[in-house]
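A.B. asks: My structure is below; once you've seen it, I'll send some questions.
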Amino acid sequence: MEIFVCDNYEEMSFKVAREISRQLTVKPTSVLGLATGETPKGMYRKLVKMYKQKIVDFSEAKTFNLDEFYPIKRDNKHSFKNYMQKRLFEEVNLRPKNCFIPDGEAENPNKECQRYEKELSHSGQIDLQVLGIGENGHIGFNEPGVEWSSVTQLVELEDKTVKKEFNTTSGVPNKAITMGVKDIMGANRIVLLASGEGKKNVVERALKGPITQEVPASILQLHPKVKVYLDKEAA
Ligand code: GLP
């Protein structure tokens with residue numbers, strides 16, 4: 001595991017965007033695993049800028065998002081589909097048919113999990129998986145206690161996780177469809193990013209503490225190719 005401490009959020013965002021652009025330069029048909037949340041917003045801004053400067057080309061790439069709330073309308077402002085459309089899909093030359101994200105409107109969530117898992121396996125290995133980390137150590141929406149062998153599944157979210165997104169726990173989705181730990185660990189390379197003082201504790205537990213299901217991100221210690229980008233506060 002390589003750990004890079006960046007001076008600030010901007011530098012961290014640039015360095016992770018550069019990882020993605022290098023990946024696409026070496027292999028234009030790359031399969032990218034993508035994350036949402038506050039942390040990668042800067043990375044997406046940098047990527048869009050690089051695309052506009054013709055530094056990066058997404059025309060042959062495929063993307064798989066880690067997760068989506070369930071149930072949620074695609075155009076709900078909290079949906080990850082909406083997040084991705086605004087921040088990346090509508091801004092670069094990714095082909096819509098190559099952008100995969102679990103469907104929060106699916107009638108049958110378990111079938112949707114199976115469909116997503118199938119799409120993932122048909123696409124072959126994820127070349128580069130981008131990950132954030134929750135304050136409780138979650139990766140994707142794999143909350144503490146998750147099975148290491150999990151694949152795409154419907155999960156219950158911790159109240160704290162729901163509150164962080166929606167500011168309340170009532171009348172909002174308390175479930176999500178998430179790629180499993182096994183899917184994430186199957187990626188060829190992983191880049192984890194974390195920013196801010198609030199992540200300092202969990203970053204230390206994940207990277208230096210025991211490998212435990214109580215801190216799902218701690219499993220990354222066993223992956224052979226992980227790069228961690230932190231800003232000073234998170235480090
Ligand atoms: C989100 C996502 C995760 C993300 C994490 C941290 O809701 N499901 O993929 O990494 O929680 O989010 P943030 O970057 O906002 O702290």
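A.B. asks: If we sort 129-135, 153-159, 34-40, 89-95 on the protection proxy, mean other Cβ atoms within 10 Å, highest first, what's the order?
C.D. replies: Values: 129-135: 23.7, 153-159: 18.1, 34-40: 21.1, 89-95: 15.4.
Top of the packing list down: 129-135, 34-40, 153-159, 89-95.
A.B. asks: Can you list the HN-Hα couplings for region 23-40, worked out from phi with the Karplus curve (6.51, -1.76, 1.60; θ = phi - 60°), rounded to whole Hz and with x for Gly and Pro?
C.D. replies: 4, 6, 6, 5, 9, x, 8, 4, 9, 9, x, 10, 10, 10, x, 5, 4, x
A.B. asks: How long is the gain from Asp75 to Glu11 if the chain were fully straight, where each residue apart is worth 0.36 nm and the alpha carbon distance is subtracted?
C.D. replies: Full extension of this stretch gives 19.9 nm more.
A.B. asks: Treating only the Cα positions of region 157-213 as identical point scatterers, give the base-10 log of I(q)/I(0) from the Debye formula at each q in 0.13, 0.17, 0.19, 0.29 Å⁻¹.
C.D. replies: Rounded to two decimals, the profile gives -0.52, -0.86, -1.02, -1.11.
A.B. asks: If you rank Tyr9, Tyr116 by fewest surrounding Cβ atoms within 10 Å, what's the result?
C.D. replies: Tyr9, Tyr116
A.B. asks: Also, I was wondering about something else. Can you work out the Karplus-derived ³J(HN,Hα) for every residue in region 199-209? Use 6.51 cos²θ - 1.76 cosθ + 1.60 with θ = phi - 60°, whole Hz, and x for glycine or proline.
C.D. replies: The phi angles translate into 9, 4, 4, 6, 4, 5, 5, 6, 8, 10, x Hz.
A.B. asks: Return the equivalent ellipsoid semi-axes of region 47-98 as a descending list in whole Å, where each equals the square root of 5 times an eigenvalue of the C-alpha gyration tensor. Each step should come with its number before you reach the end.
C.D. replies: Values: eigenvalues 108, 27, 13 Å².
The answer is 23, 12, 8 Å, longest axis first.
A.B. asks: Here's another thing I want to ask about it. Along the charge dipole of region 1-146, Cβ charges K/R +1 and D/E -1, which of Gln23, Tyr70, Phe80 sits furthest on the positive end?
C.D. replies: Gln23
A.B. asks: Let me ask something else. Shape call for region 105-235 from the C-alpha gyration tensor, a ≥ b ≥ c root eigenvalues: rounded (a/c under 1.5), prolate (a/b greater than b/c) or oblate?
C.D. replies: Cα axes put region 105-235 in the oblate bin.
A.B. asks: Next up: Give me Ser195, Ser170, Ser123, Ser59 ranked fewest to most by other Cβ atoms within 10 Å of their Cβ, as a rough exposure proxy.
C.D. replies: By the 10 Å Cβ count, ascending, the order reads Ser170, Ser59, Ser123, Ser195.
A.B. asks: Give me, ordered by chain and number, the residues 5 or more places off Tyr70 or on other chains with an amide H under 5 Å from its own placed amide H.
C.D. replies: Lys175, Ala176, Ile177
A.B. asks: Once you have the alpha carbon radius of gyration of the chain, what is it after dividing by 2.2 N^0.38 Å, with N set to its residue count? Intermediate results must be reported in sequence, preceding the final value.
C.D. replies: Working: Rg = 16.4 Å, N = 235, 2.2 N^0.38 = 17.5 Å.
Dividing the Cα radius of gyration by 2.2 N^0.38 Å gives 0.94.
A.B. asks: What stretch of the chain, leaving out the sites themselves, is the longest with no trypsin sites (Lys or Arg not before Pro) in a DSSP loop having at most 15 other Cβ atoms within 10 Å?
C.D. replies: For trypsin sites (Lys or Arg not before Pro) (loop position, at most 15 other Cβ atoms within 10 Å), the longest site-free span of the chain is 78-224.
A.B. asks: I've got another one for you. Once both labels are modelled 7 Å past Cα along the beta-carbon direction, what's the Thr169-Lys118 spacing in nm?
C.D. replies: Spacing of the two 7 Å Cα→Cβ label points: 3.6 nm.
A.B. asks: Name the residues whose placed amide hydrogens come within less than 5 Å of the amide hydrogen of Leu34, ignoring near sequence neighbours (fewer than 5 apart) on the same chain.
C.D. replies: Phe64, Asn65, Leu66, Val130
A.B. asks: Please give the contour-minus-distance gain from Asn108 to Arg18: 0.36 nm per residue of separation, less the Cα-Cα distance, rounded to one decimal in nm.
C.D. replies: Full extension of this stretch gives 28.6 nm more.
A.B. asks: Residue by residue through region 66-83, which ³J(HN,Hα) values in whole Hz follow from phi under the Karplus form 6.51 cos²θ - 1.76 cosθ + 1.60 (θ = phi - 60°), with glycine and proline marked x?
C.D. replies: 5, 6, 7, 5, 9, x, 7, 6, 4, 8, 4, 5, 8, 6, 6, 4, 4, 3
A.B. asks: Considering only DSSP beta bridges whose two residues both sit in region 1-157, what percent are antiparallel, to the nearest 5?
C.D. replies: Of all bridge pairs located within region 1-157, approximately 10 percent are antiparallel.
A.B. asks: In percent, how large is the relative contact order of the chain, given Cα pairs closer than 8 Å and 6 or more residues apart?
C.D. replies: Rounded, it is 25 percent for the chain.
Computed from the coordinates by the stated procedures, all read-outs in this text should not be read as laboratory data. As the structure is a prediction and not an experimental result, all values here were calculated from the model. All Cβ positions, glycine included, derive from the backbone under ideal geometry; neighbour counts span all protein chains shown.
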